[in-house]
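The values are calculated or read from the model by the stated rules, or taken from the named source; none is laboratory data. Everything quoted here is computed from the prediction, not taken from an experiment. Neighbour counts run over all protein chains shown; Cβ positions are idealised from the backbone, glycine included.
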Amino acid sequence: MALLTNSPRGTQDVLGDESYKWRYVESRLAEVCERFGYREARVPTFEHTELFTRGVGDTTDVVGKEMYTMIDKGGRSITLRPEGTSGVARAFLQNGILSGALPARAYYIMSCFRYEKPQAGRLREFHQLGIELFGADSPDTDCEVIRVANTIITELGIRNVRLEINSIGCPECRARYRKALMAFFENHKSELCGTCLERFERNPMRILDCKSPGCQAIAAAAPLMLDYLCGDCREHFSQVGMLLKTAGIAYEINPRIVRGLDYYTRTVFEFIHDAAGAQGTVCGGGRYDGLVELLGGSSVPAVGFGMGIERLLSVLDAEGVPIPEPEPPALFIAYLGDKGKAIARSLSFELVGAGVRALYDLCGRSLKAQLKYADKTGARMLLVIGDDEVECGEGRLKDMRDGTETPVSLDCVRLTAALSKLLG
RNA sequence: GUGGGUAUAGCUCAGCUGGUUAGAGUGCCAGGUUGUGGCCCUGGAGGUCGUGGGUUCGAACCCCAUUAUCCACCCCA
């Protein structure tokens, strides 16, 4: 406990007993995305701060109080990315992708940073898969993006997830709705909780998903965004719903979903799992038709989502979904004496070079200690090289599971052949 | 930012209403066989009881502060 320091608050070490799960999940995610025609984008971990204040919106909590922002040695304000969409949108714009063939699709698996108080399913450095689709505003587009998320979730073997969707309209219908909402809550101001009084000024839509019973009772009678959608937005939303049905994707409309990032328009959605603590949103996303223009481009509609890797893993764990474990070493070579050691070493080098997962003892410990260690590594086969083996150039491959032994000559090619025969 | 729980060995935890050398299990190292792991037996290393104050003759235990961690709110992936 006299450590110099621990990992920073809200960060996690992912070591050998966990990292294979990450590898597995990430490779499955990438495979699905690529099957849908998305290609990987790798963008900087930090960006100029204004990208986020503009893109995400400086009235949001994410920008207002959760960003890791610092001045670099050149006097520039830079920020560790709190989300992925703005960076990818910036990259597509800067590199002329949005002036090329559209729609353009991208996916990414990245770490993001938010200065929040950690709890279950919430870290300061967290990881997410994101996909973005630029340059199409049809309802089919929204449906495709939701299908990608749905495919990932079902193909990973997750069962108990529900999809909730809503439309928060375009800026025009949202402005009308906001007005109606404020008029409604104006009459109930005295009954609202403290935070909702603040929300009343900043973002009255947030009152709708307040958890306090008093506010919920009031909000139950509040006007709904869906009733204030303009004709185009309403048509778009109903088309999305129909397409989801056609695609066989079950969903429910939750008129109280709002999103915390300013750039969202029209369709918003969440995939929610109940077993993973209070932070049950495994995936959240929606349409953001205004973002590219905000960043200085022409008007390019877009849709995307973010999916939390840590939350995904905890859901997989909660549902008991099996994840394939990594292959153990095929062979451990133990030895006695200096000559034995020399052979163990050169044999091990040759075997690894030939593609065999082979280890040998590095510590010069007793044979018993070497075998104990071999056992702990999970090695399938054991080879002991002592004076006898050195002399006759033959040894015995011992199966660590059942103890059976097979004679082999101490030769890389024959050993490799014997191992592949014994291990299948 | 707000609220609640927790903090003793690498890990999981005991430790009585404060009482003198702080324990167990597990893991690690070694021995029991200078050529065979797992099981068993024996021994060893490893702790300023999160940190700093206070109360007391005496604090792992009580009080205060602080930090970390877990959970919830807020917000979001």
Among the residues that make up region A:58-69, is at least one of them in contact with a helix residue (DSSP H, G or I) (Cβ under 7 Å, 6 or more places away or on another chain), more than 18 Å from A:Glu310 (Cα to Cα) and free of Cβ contacts under 8 Å to residues at least 12 places away in the same chain? yes
Applying the selection to region A:169-224, what residues are over 18 Å from A:Thr265 (Cα atoms) and among the small types (Gly, Ala, Ser)? A:Ala180, A:Ala183, A:Ser190, A:Gly194, A:Ser212, A:Gly214, A:Ala217, A:Ala219, A:Ala220, A:Ala221, A:Ala222
Could you check region A:28-51 and list, in sequence order, the residues that are surrounded by 14 or more Cβ atoms within 10 Å (Cβ to Cβ) and closer than 20 Å to A:Val303 by Cβ? A:Leu29, A:Ala30, A:Val32, A:Cys33, A:Phe36, A:Tyr38, A:Ala41, A:Val43, A:Leu51
Candidate set: region A:7-27, residues that are assigned to a loop (DSSP other than H, G, I, E, B) and not basic (Lys, Arg); chosen: the one surrounded by the most Cβ atoms within 10 Å (Cβ to Cβ): A:Gly10
Looking only at residues in region A:92-127 that are among the basic types (Lys, Arg) and assigned to a strand (DSSP E or B), which one is surrounded by the most Cβ atoms within 10 Å (Cβ to Cβ)? A:Arg105
Restricting region A:380-403 to residues that are near RNA strand B (Cβ under 8 Å from one of its atoms) and among the small types (Gly, Ala, Ser), the one surrounded by the most Cβ atoms within 10 Å (Cβ to Cβ) turns out to be A:Gly395
Looking only at residues in region A:179-231 that are at pLDDT 85 or above and within 33 Å of the chain's Cα centre (by Cα), which one is nearest to A:Pro301 (Cα to Cα)? A:Leu229
Does A:Ile333 count as in contact with a Leu (Cβ under 7 Å, 6 or more places away or on another chain), within 12 Å of RNA strand B (Cβ to nearest atom), assigned to a helix (DSSP H, G or I) and more than 30 Å from A:Pro171 (Cβ to Cβ)? no
Matching option when the condition is more than 11 Å from RNA strand B (Cβ to nearest atom) and without any contact (Cβ under 8 Å) to a residue 40 or more places away in the chain, among A:Leu419, A:Leu347, A:Leu359: A:Leu359
Only one of A:Thr49, A:Thr79, A:Thr53 is within 16 Å of RNA strand B (Cβ to nearest atom), among the polar types (S, T, N, Q), touching a residue at least 12 places away in the same chain (Cβ under 8 Å) and farther than 30 Å from A:Glu327 by Cα. Can you tell me which? A:Thr79
Assess whether A:Arg162 counts as being of a type outside the set (A, V, I, L, M, F, W, C) and either crowded, with 18+ Cβ neighbours inside 10 Å or in contact with a helix residue (DSSP H, G or I) (Cβ under 8 Å, 6 or more places away or on another chain) (or both). no
A:Asp142 vs. criteria crowded, with 21+ Cβ neighbours inside 10 Å, farther than 17 Å from A:Val25 by Cβ and either touching a residue at least 24 places away in the same chain (Cβ under 8 Å) or not small (Gly, Ala, Ser) (or both): yes
